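The values are calculated or read from the model by the stated rules, or taken from the named source; none is laboratory data. Predicted, not measured: the structure shown is a model, and the values here were computed from it. Ideal geometry is used to build each Cβ from the backbone, glycine not excepted, and the neighbour counts take in all protein chains shown.
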């Protein structure tokens, strides 16, 4: 495994692999790797000749009151995990590398972002598509791997690849969970012991809501209210949002039909957790 910090070296290495006829699988991360990231790497390893992981805490994704400085970092541990997982190259740029000067051209996401996390994190997904576009251009992957834990991000990247004709296959990997159902996240370390016990109810609420839908409930409003009531009853967290929308369009719906997402964000004392469940309901004729 090699460590790359320079953009020219990264591009050169990518071109070298392409010229040798090798496929490149790419896993973008902000580091502090956990089993969710390792699952992405595992899938990339299965399907590609050469696997690149990026580790970069992108400042453009964080608002002025968000946790950029508190975001957990442990590069030495990340590199060890990447090596053990069979990664071929780890790209670790710094801010000066990724944003040499002020941006002359700014990217703005105009759809799929006025709901869920995007509704309260203005500019967040602009930062996502900016850094992902840069990484796509540098690494030139055949396939890029994203976890469905952040389903809105996957929907936005899906639009980015389509709108800008990136010759990249978007590979969506199911959320990796703890044994009790809590979605794996680098931010889980910021939960108190009590909050950690309560956090399992986020996924529990989604599973119970899915049962309601399977039993015939088709009202998005009633499903949203059930999830809210369940979370308020079983946790000390503050609900940021609970939404039932079409997927991947992330549009409001009047009736639960086709592919839909049930998604939430809940704030605890030092961390904001997200979770979701995507289901497909047979459309009524």
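Just a few scattered comments:
- Filter result (part of a loop (DSSP other than H, G, I, E, B) and either farther than 21 Å from residue 84 by Cα or touching a helix residue (DSSP H, G or I) at 6+ places or on another chain (Cβ under 7 Å) (or both)) within segment 31-48: 31, 32, 33, 34
- Some residue of segment 6-20 being assigned to a helix (DSSP H, G or I), over 24 Å from residue 130 (Cα atoms) and modelled with pLDDT under 95: no
- Only helices (runs of 4 or more DSSP H) whose full extent lies in segment 52-166 are considered here, and the ones with at least 1 residues that are under 22 Å from residue 243 (Cβ atoms) are 116-120, 124-139, 151-163.
- Filtering 195, 217, 169, 249 for residues that are in the same structural domain as residue 52 (by TED's automatic domain parsing) and either touching a residue at least 24 places away in the same chain (Cβ under 8 Å) or within 23 Å of residue 42 (Cβ to Cβ) (or both) leaves a single hit, 169.
- Scanning segment 223-263 for residues that are crowded, with 20+ Cβ neighbours inside 10 Å and under 18 Å from residue 197 (Cβ atoms) yields a total of 3.
- Of all residues in segment 182-213, those satisfying the criterion of being touching a helix residue (DSSP H, G or I) at 6+ places or on another chain (Cβ under 8 Å) and either part of a helix (DSSP H, G or I) or at positive phi (or both) are 188, 196, 198, 201, 202, 204, 205, 206, 208, 209, 212, 213.
- Every condition in (1) outside any helix (DSSP H, G or I); (2) within 18 Å of the chain's Cα centre (by Cα); (3) surrounded by fewer than 16 Cβ atoms within 10 Å (Cβ to Cβ) holds for residue 179 except the one numbered (2).
Here's the yes/no breakdown for (1) buried (at least 19 other Cβ atoms within 10 Å of the Cβ); (2) modelled with pLDDT of 95 or more; (3) under 19 Å from the mean Cα position of the chain (by Cα):
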| position | (1), (2), (3) |
| --- | --- |
| 59 | no, no, yes |
| 63 | no, no, yes |
| 73 | no, no, yes |
| 76 | no, yes, no |
| 79 | yes, yes, no |
| 82 | yes, yes, yes |
| 85 | yes, yes, no |
| 89 | yes, yes, no |
| 93 | yes, yes, no |
